[in-house]
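A.B. asks: One structure is given below, represented as structure tokens, and several questions about it will come after.
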Amino acid sequence: MKNVSLIIIPLLLSTVSCTTYYKCGETRPEKFTASKRIMPLVNERDSLCSETKSLETALATEKTANQRLQGEYASLEGEFNNLQSKSAMTQEEMSAELRKQADELSKKAQTLAEREKSLREMQAVIARQDSITNRLNSILRDALLGFKADELSVEVKNGKVYVSMSDKLLFKSGSAAVEAKGQEAISVLANVLQKNPDIDILIEGHTDNVPIKTAAYKDNWDLSAARATAIVRLLEAKEIDSKKLTAAGRGEYQPRATNDTPEGRALNRRTEIILSPKLDELMQLLGQ
């Protein structure tokens, strides 16, 4: 109906004089006059024109807002695409990092397995070494059974066999010449060692702290070294490989007991023969 009015009103207004005619949307002239029949139509047209203008203004506002929203949408779409791209990169980086960590974990697990294997092998070697040492200790104890406890002792320490011979068994006071009973003990020991020529043998001479000074020996260092060397000579004479023999003088500086009593000093005057078995070289000894 409004569209019909918009068509009819201009036709009716065309009957009004040109001086009083004005277009839709223009301000009504102050001297505008029209008949009572035309005036309601004029008012209606003006109202419709005003409404149309408001709608046009609202439409323009909506277009502006729409353009702004389209710009914001395009910006958000770009940010979204950028985030998707970054997310894809992040996922790739995370996957690469996870693969790297998995590889490192696998390598560490392999290293740990290898170390555990080596540890088991070492434990097996140590167990066999202990078995051999204990067997050697038992053989020497049986072989040297004829000697008194205050003359000779055999024990295992730190995976080695210690044969300790007292000064009472081996030497006279202030001398490095081995007594007959001492030579007998060395012969028994040599018989055991000859069955395996690759045992490392360390001979250590020990004294008490009583000073000594003779024409032959300046002090206890000299005496202990001379006694250790004398035992080495006896073992060489029994065809023990010289390359496996070592002589060392310890003097008074590694006592077994206090030097404040005669009993303690007697324990400190000793010669220790330290046997270091080798696992692969003592397997024959275990089979005896």
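The values are calculated or read from the model by the stated rules, or taken from the named source; none is laboratory data. Worth saying up front: this structure is predicted, and the values here are computed from it rather than measured. Backbone-built Cβ (ideal geometry, glycine too); neighbour counts: all protein chains shown.
A.B. asks: Against the definition (in contact with a helix residue (DSSP H, G or I) (Cβ under 6 Å, 6 or more places away or on another chain) and aliphatic (A, V, I, L, M)), how does Ala266 come out, yes or no?
C.D. replies: No.
A.B. asks: Are any residues in the range 170-208 farther than 21 Å from Ile240 by Cα and touching a Gly at 6+ places or on another chain (Cβ under 9 Å), and if so, which ones?
C.D. replies: Of everything in the range 170-208, those that are farther than 21 Å from Ile240 by Cα and touching a Gly at 6+ places or on another chain (Cβ under 9 Å) turn out to be Phe171, His206, Thr207, Asp208.
A.B. asks: Let me spell it out: the conditions are (1) within 30 Å of Tyr162 (Cα to Cα); (2) more than 26 Å from the chain's Cα centre (by Cα), and Gln70 meets all of them except one. Which number is the exception?
C.D. replies: Only one criterion in (1) within 30 Å of Tyr162 (Cα to Cα); (2) more than 26 Å from the chain's Cα centre (by Cα) is unmet by Gln70, namely (1).
A.B. asks: Look at Lys63 and say whether it is basic (Lys, Arg), in the same structural domain as Lys23 (by TED's automatic domain parsing) and either at pLDDT 75 or above or surrounded by fewer than 10 Cβ atoms within 10 Å (Cβ to Cβ) (or both).
C.D. replies: On the way: basic (Lys, Arg): yes; in the same structural domain as Lys23 (by TED's automatic domain parsing): yes; either at pLDDT 75 or above or surrounded by fewer than 10 Cβ atoms within 10 Å (Cβ to Cβ) (or both): yes.
Against the criterion (basic (Lys, Arg), in the same structural domain as Lys23 (by TED's automatic domain parsing) and either at pLDDT 75 or above or surrounded by fewer than 10 Cβ atoms within 10 Å (Cβ to Cβ) (or both)), Lys63 qualifies.
A.B. asks: Right, here's the next one. Does any residue of the range 196-219 turn out to be touching a Ser or Thr at 6+ places or on another chain (Cβ under 6 Å), among the aliphatic types (A, V, I, L, M) and within 26 Å of Gln129 (Cβ to Cβ)?
C.D. replies: Yes; the residues of the range 196-219 include at least one that is touching a Ser or Thr at 6+ places or on another chain (Cβ under 6 Å), among the aliphatic types (A, V, I, L, M) and within 26 Å of Gln129 (Cβ to Cβ).
A.B. asks: From the list Leu235, Leu282, which residue is closer than 21 Å to Glu155 by Cβ, at pLDDT 90 or above and either of a type in the set (Gly, Ala, Ser) or surrounded by 18 or more Cβ atoms within 10 Å (Cβ to Cβ) (or both)? So that I can check it myself, show each step before the final result.
C.D. replies: Working: Leu282 fails: at pLDDT 90 or above.
The unique qualifying residue is Leu235.
Here's the yes/no breakdown for (1) at pLDDT below 80; (2) assigned to a helix (DSSP H, G or I):
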| residue | (1), (2) |
| --- | --- |
| Ser17 | yes, no |
| Arg37 | yes, no |
| Ser75 | no, yes |
| Ala88 | yes, yes |
